[in-house]
Amino acid sequence: MPQFISLEGSEGAGKSSAMKVIAAELSQWQVPFIETREPGGESNAEQIRELLLHSAHLEAKTELLLMFAARNEHVVKVIRPALKAGQWVVSDRFVDASYAYQGYGRGLQWQSIENLEQWVVGETQPNLTLMLDVDPEIGLKRAAKRSQKDRIEKEAIEFFENIRCGYLQRAESNPRRIKVIDANRSITSVKEQVIKQLSYFKQSLLNP
Ligand code: Z5A
């Protein structure tokens, strides 16, 4: 059965490096897979991403609705067809990010996010989510080494602290699916933790 894996974490958690580790592992396992991302992962969704990351200002509700508009294009045109065709899907962010950023970060109503999730995502839920947990002070320092900041990255540290709480809360409520990786540690340690969690996941598929 093809599996859906998502990767989550706040600013500078090291998702890009973790994506490479996951891709290398899946290649070794010889499973067909696609790598994708949110917001984006599909041509219309990528255009919505531009709006989301580079508009001068967006109302919080608009931000949430655009995340789900992009997600609908992504789920219908990319994720579901790939899974149906027998490919695994690895997505850099998915619906947990909306709970963390728009729910905890922007303070939008939980119920609205749940309604949108039911409507847009439905049963197309990740089987495994690796959540890279990093102290925002560390994550923001790492991210500062990169080029220009986008609209969301310009938020204050308190915003990212709330997001971290949101992610940890999600992990606590979904312990079977969401595995927390300590991303405060070195790149090598993060890599080892990711490989370990993937190996547990593989075992759970072989011995359900
Ligand atoms: N968003 C949302 O609000 N709601 C939603 O529903 C969704 C998304 C789906 C775009 O996401 C934005 O959309 C994002 C959340 C929001 N906004 N923010 N902020 P994105 O995933 O495309 O963008 P991002 O979060 O800005 O990704 P990122 O900062 O690129 O994260 P990263 O991939 O985790 O960082 P990285 O590039 O891998 O690492 C940053 C640097 O740190 C780099 O130089 C690394 O070499 C270094 N690094 C990484 N790991 C380590 C360790 N362990 N030690 C030392 N240095 C390290």
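General observations
- Exclusive hit being farther than 18 Å from G9 by Cβ, assigned to a helix (DSSP H, G or I) and open to solvent by 50 Å² or more (accessible area, probe 1.4 Å), set L65, L116: L65
- For the range 1-12, the set of residues classified as modelled with pLDDT of 95 or more and near the ligand (Cβ under 7 Å from one of its atoms) consists of G9 only.
- Hits in the range 145-178 - residues which are modelled with pLDDT of 95 or more and either away from the ligand (no atom under 14 Å from the Cβ) or in a loop (DSSP other than H, G, I, E, B) (or both): C165, L168, Q169, A171, E172, S173, N174, P175, R176, R177, I178
- Qualifying residue in the range 23-35 (condition: within 8 Å of the ligand (Cβ to nearest atom) and either modelled with pLDDT under 95 or part of a helix (DSSP H, G or I) (or both)): no
- Among the criteria (1) farther than 26 Å from E158 by Cα; (2) open to solvent by 30 Å² or more (accessible area, probe 1.4 Å), the one A23 does not fulfil is (2).
- Hey, S16 exposed (fewer than 14 other Cβ atoms within 10 Å of the Cβ) and more than 26 Å from R185 (Cα to Cα) or not: no
- A count restricted to the range 189-208 and to residues that are surrounded by 18 or more Cβ atoms within 10 Å (Cβ to Cβ) and β-branched (V, I, T) stands at 2.
- Residue in the range 8-21 that is more than 13 Å from the chain's Cα centre (by Cα), under 23 Å from D135 (Cα atoms) and of a type in the set (S, T, N, Q) present: yes
- Residues of the range 44-56 classified as away from the ligand (no atom under 13 Å from the Cβ), in contact (Cβ under 8 Å) with a residue 12 or more places away in the chain and open to solvent by 70 Å² or more (accessible area, probe 1.4 Å), total: 1
- Checking R142 against (1) near the ligand (Cβ under 8 Å from one of its atoms); (2) assigned to a helix (DSSP H, G or I); (3) in contact (Cβ under 8 Å) with a residue 60 or more places away in the chain; (4) surrounded by 20 or more Cβ atoms within 10 Å (Cβ to Cβ), the condition it does not meet: (4)
The values are calculated or read from the model by the stated rules, or taken from the named source; none is laboratory data. In this text, all values refer to a predicted model and were calculated from it rather than measured experimentally. When we count neighbours, we look across all protein chains shown, and the Cβ atoms used for this are built from the backbone with ideal geometry, even at glycine. Side chains included, ligands, DNA and RNA excluded: accessible areas come from the protein's heavy atoms. Shrake-Rupley method; radii C 1.70, N 1.55, O 1.52, S 1.80 Å.
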